[in-house]
Each structure stands twice: as C-alpha cells, then as structure tokens.
Ligand SMILES: Cc1ncc(COP(=O)(O)O)c(C=O)c1O
C-alpha cells in the first residue's frame, strides 16, 4: 500500500527546466536569477526584499538590522520552530519565551505584555501553520512600547490579515523557502522591509566578500541565495495562488469529514493558508502510531517545545504550549494530495478515533 507522506513538495517540469537553465548559464551564486527572485518577491509583497540562504539566516540578518545585540531581550513564543530562537543566541541576546494561544497556536499578546521589560528590543511573531497571529494588536502594542516587531512568515506566505498579506505589518519580516514550505527554493529565505537602511544592511552583510570600505568593521556572513535555488523559487512563486487554493480545498474536506476533533480556527478577518492542518484530540500519540500502521504519516509539530530544551530552558509555566503538544496532530496537506487520499485519511482517522 502506498505511503501517504506528511509532506510532499510539488516539483514539476518548470522547476526542473529552470534549474537546468540556471546551471547552464554558469551564474551559480547570486546572479541574475537571485535578483529576479528578489524583484518578483518585492512586487508580490509590496516592500523591498533581499534573498538569503535560509529562513534562519534571514531572521539573523533581520535581528542585526533591528540592532539586536548582546544582552538585549527578544520575546518569542515557546511553541514554534527552534530556528526562531537560535538567531537570537547568535547575537548573544536573550530569547524570552512566552506562552501561546491554545486556540490558534500563535503567540499570546497578553503574554507579550506581561513579559516586556526595558531590555526588550524586539518581538518575533511567527504566524503559525499559515494562520495570521493578532498582528495588528501586537503591532500597536510594540509601537506604543518602542520595540521592534519582526514578523516570521516562514510558515505563512499567502496568508492574509484584514485582506493584507502577512509580512507587511512588522518593522521587518522574513520568509523561508525550505523544502517543506508553501513555496520552496529547496532551501532559501527572504528579508523584507520598507526601511531602506535595513535592506542595505541585510544585502551587505549576507555576503562575506562584499567590500565596502576599509573602515567597515561589521561581521559579514555567507548567507547568499544561489541562482539555482532562486530559479526554483521563481517558478514556485508563480504557483503560489494555486497552491493556497488547493490547500484550502483540502482543509475544507478535512473539516467536513473528520469528526470529534478540534479543527483549526479561522476568523472572518484572517485567511488561513494551511501550510499545516493541525487538529487537537485525546490520545494523539496512539492515533499517530495507528495511522502510521495504515501508511499515513502524521506528526506532532515543534516537539519538544523550546522551553523544555536545555539551550532555552525557562522556569516559567507554559500551560497552553504543553496542552498543544499533548493534543495536536498535523495531518498531510500539500497541493498534490489527491481527493481519494484525503478521504482515506479522514475515514481512517475517524475509525481509529472511534476505537474501531
Ligand atoms: C516559524 C519558522 N521560522 C523560521 C524557520 C527557519 O527557516 P529555514 O528552515 O529556511 O532556515 C522555520 C522553519 O523551518 C520556521 O518554521
């Protein structure tokens, strides 16, 4: 029986031809394609963009651009990808982990309010699983308190908040094009901001061989996006609207078919892009095991949560994050998933849940 994987990138002949063309051009590092991807992305998002080697490097550059330095505090959620916290440590700054909303998996504004201090330099807000956080309210609070808002859109390209694309609310935002993301360049990332100085900083620091002046004492990195990766990213970006449409169709089928679970929330002013379809249920470990036995691969995302890892360990309580870890199951969702597979997953899930 065919295994239904948790992820499956959609790579067609367009991506393959684009790679062959980019390789044949011999512009292997940051060249015409990387520039074209940045231009197309800037047009898509509406602000300036700099392409990078990954979402993690994009976030690192965003923190540097925002002036995050040693001993500054950066607030971020306990429930997210570890790649959100690592770059804070690269800057020798302090990640301050806060709890997450149980309902939508996103950072809790009240927790941000309770955790802000005069050392807080920035708040990083990942829009989890393709669902926008309460970004407008968080933005207002950050403005009031004079701290920078960094939007992490690694999981959420294509999501809308009040009809606006995520990534335009923050002082700076980042995207990831890792293999499992909504749109992939195999690996890659993007830094976006309308702050011209910050964009120049990101562009300048991503390349170790960028010569400015002899007095330039800043550390440089090797965070460029290759033209080969950019060529794939360009083709994928063209398909984004169709990808989101199909993901939303799949989500609609799961919502109709799977019973006795908590489905993802979707409020009228937010458009979910469903990079993941995560449901909550009792006995989630057993259900995941039994689904695996039926060749359906599901997962608990971001486990163990950051506050339980030694690098980020914290004495605070994270009851919602813990509850999410204990109840959540991420189901297969990707554009190439066929209706027959979705119905099979739903039916198998219901039967296991019902103890059949
Ligand atoms: C929310 C979030 N931020 C940042 C990253 C890092 O992106 P990358 O894997 O491209 O470094 C990821 C995931 O991979 C992520 O899920």
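Read-outs throughout are calculated quantities, based only on the coordinates presented, and are distinct from any laboratory measurement. Here the structure is a predicted model, which is why all the values come from computation and not from measurement. All Cβ positions, even for glycine, are placed from backbone atoms using ideal geometry, and neighbour counts span all protein chains on display.
In units of the rule-of-thumb radius 2.2 N^0.38 Å, the range 93-198 shows an alpha carbon radius of gyration of 1.06.
DSSP beta bridges fully contained in the chain are about 55 percent antiparallel.
Once you've got the GNM for the chain with C-alpha springs shorter than 10 Å, pick whichever of 126, 95, 305 has the biggest mean-square fluctuation. So, out of 126, 95, 305, the one fluctuating most is 305. With the cut-off at under 13 Å, measuring from each backbone N in the range 253-292 to a point 7 Å along the Cα-to-Cβ line of residue 350 picks out 253-261.
When each of 206, 255 is scored by the number of other beta-carbon atoms lying within 10 Å, the sequence from fewest to most is 255, 206.
Sort 318-324, 1-7, 14-20 for me by packing, meaning the mean count of neighbouring Cβ atoms within 10 Å per residue, highest on top.
Values: 318-324: 19.6, 1-7: 12.7, 14-20: 15.9.
Packing order, densest peptide first, comes out as 318-324, 14-20, 1-7.
Residue separation of residue 323 and residue 263 scaled by 0.36 nm, minus their Cα-Cα distance, works out to 20.1 nm of gained length. Between residue 220 and residue 14, the contour length at 0.36 nm per residue exceeds the Cα-Cα span by 70.7 nm.
Quickly rank 115-125, 37-47 as a protection proxy: mean count of other C-beta atoms within 10 Å, highest first.
Working: 115-125: 19.7, 37-47: 17.8.
Result, highest mean first: 115-125, 37-47.
Sorted ascending by nearby beta carbons within 10 Å, beginning with the fewest, 269, 263 become 269, 263. Descending by average beta-carbon neighbour count within 10 Å, the peptides 172-184, 78-90, 336-348 line up as 172-184, 78-90, 336-348, the highest first. Per-residue ellipticity at 222 nm, computed for the chain from helices alone with -39500 (n - 2.57) per DSSP H run of at least four residues, works out to -11500 deg cm²/dmol.
Which whole-number percent is the relative contact order of the chain (Cα, under 8 Å, 6+ apart)?
Working: 732 pairs, mean separation 83.7, N = 356.
RCO, the chain: 24 percent.
Can you list, largest first and rounded to whole Å, the semi-axes you get for the range 13-237 by taking the square root of 5 times each eigenvalue of its Cα gyration tensor? Please list the in-between numbers first.
Numbers: eigenvalues 168, 87, 38 Å².
The equivalent ellipsoid of the range 13-237 has semi-axes of 29, 21, 14 Å.
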